[in-house]
Structure formats: structure tokens, C-alpha cells
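Structure, as C-alpha cells:
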Amino acid sequence: MEQLAVLGAGYVGLVTAACLAELGHRVTCIEVDGRRLMALKAGQLPIYERGLPELIWGNAQRGRLFFSDDFGEIADADAIFVAVPTPSGENGEADISFVRQAVYSLIPHAKRGVLLIIKSTVPVGTADRISQLPPVLKAGIEVVSNPEFLRQGTAVRDFLQPERVVIGAESAQAVERVARIYASLEASIVSVDRRSAELAKYTANALLATRISFINEISHIATAVNADIDDVARIVGMDRRIGPAFLRSGLGWGGSCFPKDVLALTSAAARYGCHTPILRAVYEINELQREHAAQLLIDALHGIDDPIVAVLGVAFKPNTDDVRGSPALTIAERLLGNGVTVRIHDPFALVNASDVLARIDCRPDPYSALEGADALLLATEWEEYETLDWTLVRETMRGKTVVDGRNVLNGGHLTELGFRYRSFGRPEHKLNGNGTHHNINGSIPGVAGEGVE
Ligand code: UDX
């Protein structure tokens, strides 16, 4: 058992703290936001994440997990994880002011020779620069980069069953110390220099975003030639060199990581004089997907007085209440700007959505959102929408347009029921009884395995 501290009780910090405690360590999680800390102490989690409450309260009860705003509580820690946010700053560059602040706050309290482990996604060179700060050198603090690859919705599992644990360190001793913390996990340890670890994190997210933007670009070609993007993705995904994940076309990527990391990598590259046309296109295509969806809806509403659109799902993906970077909200905003009434439903993200977009009409169940609606946009493929009674939906809605923002509905069936089904690269011939689109729970063979869990 090691004495550990985690700075920051956001997504990454909370999951890290809870999972490290679950591995048997004694963990103090420092959170400086008074309201968030009070809520945590009162037993309320600031985020929705499957499996996390059980881990947090279980380990808190066992006396292995503590929350505090007092940096004095980290005095016994052998290693301190920095898991504070690095939001998009000017020109898209990652703003590392929270990291800097965290480092300066901990120095006066930390043990001599403590290991400082950077989990936050930081620009390449950040860990090197921190290690050279005079107070860090003076306190004999060793700085390590240990990027986190967890996905919201499956964060606990991703932490406890990682595909790799990356340790970016400049000494074998530091690698060994970090590896010891993770010793009870069955994971490949990849030991590299700090800069490579930092760049690998950005590259992983940018590459995943690239796959999605790429398949979205191809989906427009599929529409133009009346081919089936699901089949195309399945066929290319069967090539082991390509693999099936992250090839589902639709509204594109959102969340707190992909948008900020693609932007941060692009602007960091520019600073080093590197030409990055791919990264720029990846971002642009993603913006265009949202624009395209909004336009589909606006076209469908042409000539209707006081049009109403129901948006099902506002979380940026299922199994999270996070609306950061959510395509649904961008599209809703665009519709509102065009005089459309927008009603939204989401099983978990309504509160967060109304915080961002006050003018939005939040509905407690999908049918109430759909009542009298002229068009429906399925923006997040929540499991709950699998069991929608489409005959009832048809009777409930005023209009008949369904825009399937995640290519998960059974387009053939919807067409039979009289809906006007719109998708992202699924062909019309399959809407006319010549084939079926897979339905939401049928998962697209070879393209499942991510996001639709
Ligand atoms: C991502 C990375 O996967 C994770 O490793 C990193 O640590 C943080 O960023 P997350 O933001 O939780 O995780 O979401 P992820 O599951 O990767 O999905 C990102 C976005 O891509 C979602 O908006 C999702 O809807 C979209 N997506 C995913 C697609 O549009 N098509 C796909 O085929 C897959």
C-alpha cells in the first residue's frame, strides 16, 4: 500500500483516486472548489459515471479514500497525481494554468523526493519544464508523465483494465516507482521519455477523431453514390490493419477531450512551424457534420409555421451526463437561431444541458418531447431509445422527419411507418424494402464496440 494524493476531483481525478484506492492504496483527493468538495463530502458525486459511486463510497468507508481542500494533507504522500483540467486557451492552445497552480500549491507541503505524476493532458514538454522549476529541483521532486486514456461511461473499467500504462520518465527508478503503484493491474507497462508519453496521448485522441471524421467524409460520398456506409465501414474494418472501431458515421465527435486535444495539437504544431493539414481537416469535417444535420432539419421544416424539433439525447455520447462539445447543443442553438422551438430529452444530461442553453425546453420523457414535433433528431444513442414505440411516435409527432444522427435506427421500418428517414450515408434503396438498416440494438456488425455499450 502506498500513500497517494490526487489533485483535482474532475472526471479523471475522481476516477483515478477511486481506482487507486480500489487497488489498495491510501488516497487523499484534493479539490479546491468549495462547492464541489462540500458535495463530495455530503456523498454527492458531481458527475454521472457507471460504477464510480460504489468505488468512491466503498473505499471512503474502508478508510482508503479522503477528500480535502487542505494541501497540508498531502504531506505523507509518496506520489502525487495531478489531474486538473487543461481547457482550450487562446488559439486553441492547452491552458496549463491549473497545472502550474497545482504544482506551486503542493510544493511547500510535499515530502522531499516525492514523485509528481502528471495525468492531465498537457502540451509536449510540460513535464520537462515543471521538472526544471527551481522549487521542484530544490525539493528533489521527480516528474513523470502518466497520461490517462479513460473514456467517459467506461472510465472505471478503462482504468482497472487498461490496454497499456504509459510511464514517461527520465529515470529507471521513477519508472519502477510508478509501476509499483499499478502492480496489481494486468497491464502492459510502456516506459518512454516524458515527451513521447505526452505526444502519444494527443496522437491517440487525434487519430481516433481522424477515423471518425474520415468515415464521415466517406459517408457523404456514400450518399452521393447510393452506397451503404455501414457496409463500407464493416468491410474496411475487417482488415486487421484498419480494425472496426471508431468508424461509425453520424454527427461526429464531441466531449471534453477530442475537441480540445485536436485544437491543442494543431496550435502546438503551428508554434513549432509544423504543417498539419490533416488535423485541420479533421476538425473542420466535424464542424460540417453538425452544420449538415442542422441544415437537413431546417430544410425539412421549410414552410411550416412555428416549427418544433425534438432532440433525443444531448449528452455527447451515451452513458454520461456530460454535454461538453455535444453536437446536439450546437445544432439546437442553430435551430433556435432560426426561430425553431427545440425540445430536448436525455435520461441524464438535462440539467447540464439547461445550464448551457437556458432557452431550451427540457422534457422528462421522449414522448413529451415528441408531442406535436415536426422533426426528430436522434443525437445520442442512449439504450432507452431502443425501445421507443415508433407507431406511437408517428401518432405523437405532427411531422414525419427523422434525422438519425448516429445511424442506429431501423430506417426501413421507419419508412414503412411513414417517416421520412434521414441518415449519414445509408442508402435509399434499403428504405424501400430491399434491405434493412440495423436497428439501435442490432449494432452494426463490425462497427460496434465503442460508444454503443
Ligand atoms: C476519448 C478517448 O476515447 C479516451 O481515450 C480519452 O482519454 C478521452 O477522450 P471520450 O471523450 O470519453 O474518450 O469519448 P469516446 O468514447 O472516445 O467518443 C468520442 C466521441 O466520438 C463521441 O462523441 C462519440 O459519439 C464519437 N464517436 C465515437 C463517433 O462519432 N463514431 C464512432 O465510431 C465512435
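To keep it simple, each residue is scored yes or no on (1) basic (Lys, Arg); (2) in the same structural domain as residue 177 (by TED's automatic domain parsing); (3) over 18 Å from residue 155 (Cβ atoms); (4) open to solvent by less than 10 Å² (accessible area, probe 1.4 Å).
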| site | (1), (2), (3), (4) |
| --- | --- |
| 13 | no, yes, no, yes |
| 38 | no, yes, yes, no |
| 42 | no, yes, yes, no |
| 45 | no, yes, no, no |
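A single entry from 169, 187, 200, 179 fulfils the requirement of being outside the structural domain of residue 25 (by TED's automatic domain parsing) and either under 20 Å from residue 1 (Cα atoms) or surrounded by 16 or more Cβ atoms within 10 Å (Cβ to Cβ) (or both): 200. Per this entry, residue 276 is not counted among residues that are within 25 Å of residue 86 (Cβ to Cβ), surrounded by fewer than 19 Cβ atoms within 10 Å (Cβ to Cβ), of a type in the set (S, T, N, Q) and within 14 Å of the ligand (Cβ to nearest atom). For the range 251-273, a tally of residues being without any contact (Cβ under 8 Å) to a residue 60 or more places away in the chain, more than 30 Å from residue 312 (Cα to Cα) and surrounded by 22 or more Cβ atoms within 10 Å (Cβ to Cβ) returns 0.
Of all residues in the range 326-343, those satisfying the criterion of being more than 20 Å from the chain's Cα centre (by Cα) and surrounded by 20 or more Cβ atoms within 10 Å (Cβ to Cβ) are 335, 340, 342, 343.
Residue-wise test of (1) away from the ligand (no atom under 12 Å from the Cβ); (2) of a type outside the set (Gly, Ala, Ser); (3) over 27 Å from residue 155 (Cβ atoms).
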{"residue": "280", "(1), (2), (3)": "yes, yes, yes"}
{"residue": "294", "(1), (2), (3)": "yes, no, yes"}
{"residue": "306", "(1), (2), (3)": "yes, yes, yes"}
{"residue": "311", "(1), (2), (3)": "yes, yes, no"}
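Filtered by the rule that a residue be modelled with pLDDT of 90 or more and either exposed (fewer than 15 other Cβ atoms within 10 Å of the Cβ) or in a loop (DSSP other than H, G, I, E, B) (or both), the range 350-360 gives a lone residue, 351.
Of the helices (runs of 4 or more DSSP H) lying entirely inside the range 59-166, not one contains at least 1 residues that are free of Cβ contacts under 8 Å to residues at least 12 places away in the same chain and open to solvent by less than 10 Å² (accessible area, probe 1.4 Å).
Per the listing 222, 206, 264, 183, the residue uniquely at pLDDT 95 or above, more than 11 Å from the ligand (Cβ to nearest atom), farther than 23 Å from residue 428 by Cα and not in a loop (DSSP other than H, G, I, E, B) is 264.
Residue under question is residue 287, and the condition is that it be free of Cβ contacts under 8 Å to residues at least 40 places away in the same chain, open to solvent by 60 Å² or more (accessible area, probe 1.4 Å), under 16 Å from residue 406 (Cα atoms) and within 16 Å of the ligand (Cβ to nearest atom); does it hold?
yes
Scanning the range 296-322 for residues that are under 30 Å from residue 46 (Cβ atoms) and part of a loop (DSSP other than H, G, I, E, B) yields 313, 314, 315, 316, 317, 318, 319, 320, 321, 322.
Listed here are the residues, each with its yes/no results for (1) small (Gly, Ala, Ser); (2) within 16 Å of the ligand (Cβ to nearest atom).
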{"site": "128", "(1), (2)": "no, no"}
{"site": "132", "(1), (2)": "no, no"}
{"site": "155", "(1), (2)": "yes, yes"}
{"site": "163", "(1), (2)": "no, yes"}
{"site": "171", "(1), (2)": "yes, no"}
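The values are calculated or read from the model by the stated rules, or taken from the named source; none is laboratory data. Owing to the predicted nature of the structure, the values given are computational and were not obtained by experimental measurement. Cβ atoms come from the backbone with ideal geometry, glycine included; neighbour counts cover every protein chain shown. Each accessible area value is taken on the protein alone, full model and side chains, heavy atoms only, with ligands, DNA and RNA left out. Shrake-Rupley method; radii C 1.70, N 1.55, O 1.52, S 1.80 Å.
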